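This report refers to the structure that appears directly beneath it.
The values are calculated or read from the model by the stated rules, or taken from the named source; none is laboratory data. Values in this document were obtained by computation on a predicted structure and should not be read as measured data. FYI the Cβ positions are ideal-geometry reconstructions off the backbone, even for glycines, and counts take in every protein chain you see.
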């Protein structure tokens, strides 16, 4: 399993950034392949979640877990079906506001590895680019008015927001 790490600075307060990222309803705002995230219960100190979306022209659904710790501003997640997939995200204070560090650990499925090899010439390079794109999307969502929890969304079960991500997206 490879580990892919990236960081980005966001011109918003760290607590605000973390609150936005930890709200499941916000996931589709910063993970473009995610269309729906729903809570599935709580046990063993984490929330069970179901993530649905579309990547590479294929719909997916993945059941997994997410643990968000507001005190440390750290989130961790994983997949029930893919034992070699997981991630962590941490929000810290920086001179310009907040720094988000994203850590993704995974071994891509063979078909995903083949696509990444064809598109980027190297699987690891393709996954590093995916982490960079995710961080850029987080920055954009937080700095362009998306920095507060999903407003006008009265049905959290039918949300279109949070979890990868870091992402439970099996196709990154």
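Exactly one condition in (1) out of contact with any helix residue (DSSP H, G or I) (no Cβ under 6 Å at 6 or more places or on another chain); (2) closer than 24 Å to residue 133 by Cβ; (3) part of a strand (DSSP E or B) is false for residue 37; which is it?
(1)
One residue is enough: does segment 79-93 have a residue meeting the conditions in contact with a strand residue (DSSP E or B) (Cβ under 9 Å, 6 or more places away or on another chain) and farther than 23 Å from residue 37 by Cβ?
Yes; the residues of segment 79-93 include at least one that is in contact with a strand residue (DSSP E or B) (Cβ under 9 Å, 6 or more places away or on another chain) and farther than 23 Å from residue 37 by Cβ.
Kindly check whether there is at least one residue in segment 4-15 that is in a strand (DSSP E or B) and more than 19 Å from residue 132 (Cβ to Cβ).
no
Out of all the residues in segment 13-34, which are under 16 Å from the mean Cα position of the chain (by Cα) and surrounded by fewer than 17 Cβ atoms within 10 Å (Cβ to Cβ)?
32
Please go through (1) touching a helix residue (DSSP H, G or I) at 6+ places or on another chain (Cβ under 6 Å); (2) assigned to a helix (DSSP H, G or I); (3) modelled with pLDDT under 90 for residue 147 and return the number of the only condition it doesn't satisfy.
(2) is the only condition that residue 147 fails.
Which residues, counting only those in segment 45-67, are within 17 Å of residue 88 (Cβ to Cβ) and modelled with pLDDT under 90?
Residues satisfying the conditions are 45, 46, 47, 49, 51, 64, 65, 66.
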